[in-house]
């Protein structure tokens, strides 16, 4: 397995950062819509170029940086006209390397090309769901998708979940798997570090009040006999929640298990 490149820069590019506002899991009404969030350390958001829309112009990697907002590292690149952008760092991309986004680009790590130009068997990441939308799939550390087949206007990709799905051949993707593969092996080590990350404690349902969770209440450990449920009473395991009428159903060749 290829080893990830260690970040070489400590301070982010100031023009590519902005204040990241805290929401602590609250929606626009002020109510908690996502549990177990809040209390994280103050951060700056790094503006990432997911579109790779600066075409047919090569860029040089200036350095690899840590990003507190994602588990993958990011690479600062500078184009020939002097513009700088951040991209997600793939495995083996290091300072001094050259990348490009082009329909005729070589199939090498870090280059962005349309799916129709990528041979079968190549690993890709940062994949567009719609042409021109910008990459929204396969963006986490160590993840990748594989090109498994081509069929007319569509390219079949096998995603990290095991799902095989059709993508229009005009959608763009970046060559290679994402770096920082060792992230999954990291040990948090302390509760305080988890709080700095913005993750609040998760309490077992059986330890809660019956008004707070279906598993709660009763004498002793009496909540374990029922089927697993969410705090809102929905089945927690084995129930398929995807809509049978969803438009993209026809694009899924093999669903994820």
All positions within region 238-257 that are part of a loop (DSSP other than H, G, I, E, B) and surrounded by 11 or more Cβ atoms within 10 Å (Cβ to Cβ): 255, 256
Name the single residue that is farthest from residue 70 (Cα to Cα) among those in region 151-199 being in contact with a helix residue (DSSP H, G or I) (Cβ under 6 Å, 6 or more places away or on another chain) and surrounded by fewer than 18 Cβ atoms within 10 Å (Cβ to Cβ). 169
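Does residue 139 meet the test of being under 26 Å from the mean Cα position of the chain (by Cα), within 29 Å of residue 68 (Cα to Cα) and either free of Cβ contacts under 8 Å to residues at least 12 places away in the same chain or not in a strand (DSSP E or B) (or both)?
Working: under 26 Å from the mean Cα position of the chain (by Cα): yes; within 29 Å of residue 68 (Cα to Cα): yes; either free of Cβ contacts under 8 Å to residues at least 12 places away in the same chain or not in a strand (DSSP E or B) (or both): yes.
Yes; evaluated as a whole, the condition is true for this residue.
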Residue 54 vs. criteria outside any strand (DSSP E or B), over 19 Å from the mean Cα position of the chain (by Cα) and under 17 Å from residue 76 (Cα atoms): yes
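A quick yes/no check of all residues on (1) over 23 Å from residue 8 (Cα atoms); (2) at pLDDT below 95; (3) surrounded by 13 or more Cβ atoms within 10 Å (Cβ to Cβ); (4) within 17 Å of the chain's Cα centre (by Cα):
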site	(1), (2), (3), (4)
102	yes, no, yes, no
110	no, no, yes, yes
120	yes, no, no, no
124	yes, no, yes, yes
128	yes, no, yes, yes
Here the residues within region 5-63 that are on the phi > 0 side of the Ramachandran plot, out of contact with any helix residue (DSSP H, G or I) (no Cβ under 9 Å at 6 or more places or on another chain) and loosely packed, with under 15 Cβ neighbours inside 10 Å are 24, 30, 36, 56
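The values are calculated or read from the model by the stated rules, or taken from the named source; none is laboratory data. Computed from a predicted structure; not experimentally measured. A quick note on method: Cβ atoms are made from the backbone with ideal geometry, for glycine too, and the neighbour counts reach across all protein chains shown.
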